[in-house]
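> What follows is a structure written as structure tokens; I'll ask about it next.
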Amino acid sequence: MIEELKEEKLIDKVGGRFKLTSLIQKRLAVLNRGSKPLVKDQTGDNMQIVVREILEDKIRLDMDGNLVANDEPIPFSPDF
């Protein structure tokens, strides 16, 4: 398990457990569809990439719960 997920710092940074879960799920879906990571990563582990993107303020949820990266909306479709 990623150690950062055990810390309250990540939860507080995003604004709660629900928002963190939603942000991770949405970003993982986009990465799994081929989106480029916003951070350099040697592991190829998308979960680790998402956590680093959150910690480095690269991604967030806007007020409507939409995924935003570097202040640009990222299209998200829940259909797999």
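Just so it is clear, none of the values below were taken in a lab; they were calculated from the coordinates. Just so you know, these numbers come straight off a predicted model, no measurement behind them. Glycine gets a Cβ as well: all are built from the backbone with ideal geometry, and neighbour counts include every protein chain shown.
> Hey, which aspartates and glutamates would be in cross-link range of Lys36, C-alpha to C-alpha under 20 Å, not counting anything within fewer than 8 residues on its own chain?
Once the sequence-local aspartates and glutamates are set aside, what remains near Lys36 is Asp45, Glu53, Glu56, Asp57, Asp71, Glu72, Asp79.
> A further question on this structure: Given the rule -39500 (n - 2.57) for each run of at least 4 DSSP H residues, summed and divided by the residues of the chain, what is its mean residue ellipticity at 222 nm, to the nearest 500 deg cm²/dmol?
Numbers: 3 runs with 33 residues, N = 80.
Rounded to the nearest 500, the figure is -12500 deg cm²/dmol.
> Let me ask another. Sequence gap at least 6, Cα distance under 8 Å: using those rules, report the relative contact order of region 13-80 to the nearest whole percent.
Details: 53 pairs, mean separation 19.4, N = 68.
Contact order relative to length: 29 percent.
> Continuing with this model, one more query. Of the chain, which part is the longest with no GluC sites (Glu not before Pro) in a loop (DSSP not H, G, I, E, B) and with at most 16 other C-beta atoms within 10 angstrom? Before the final figure, lay out each step's value.
Numbers: sites that count: Glu7, Glu56.
Free of exposed loop sites, the longest segment is 8-55.
> Work out which trypsin sites (Lys or Arg not before Pro) in the chain are exposed loop sites (DSSP not H, G, I, E or B, at most 12 other Cβ within 10 Å) and give the longest gap free of them.
On the way: sites that count: Arg33, Lys40.
The longest such stretch corresponds to 41-80.
> Tell me which lysines have Cα within less than 22 Å of Lys9's Cα, excluding those fewer than 8 residues away on the same chain?
In chain and number order, the partners are Lys19, Lys26, Lys40, Lys58.
> Here's something else I'd like to know. Using only the Cα atoms of region 3-73, build the gyration tensor, take square roots of its eigenvalues as a ≥ b ≥ c, and label the shape rounded, prolate or oblate: rounded if a/c is under 1.5, else prolate if a/b is larger than b/c, else oblate.
Values: a/c = 1.65, a/b = 1.12, b/c = 1.47.
Oblate, since a/c reaches 1.5 and b/c is not below a/b.
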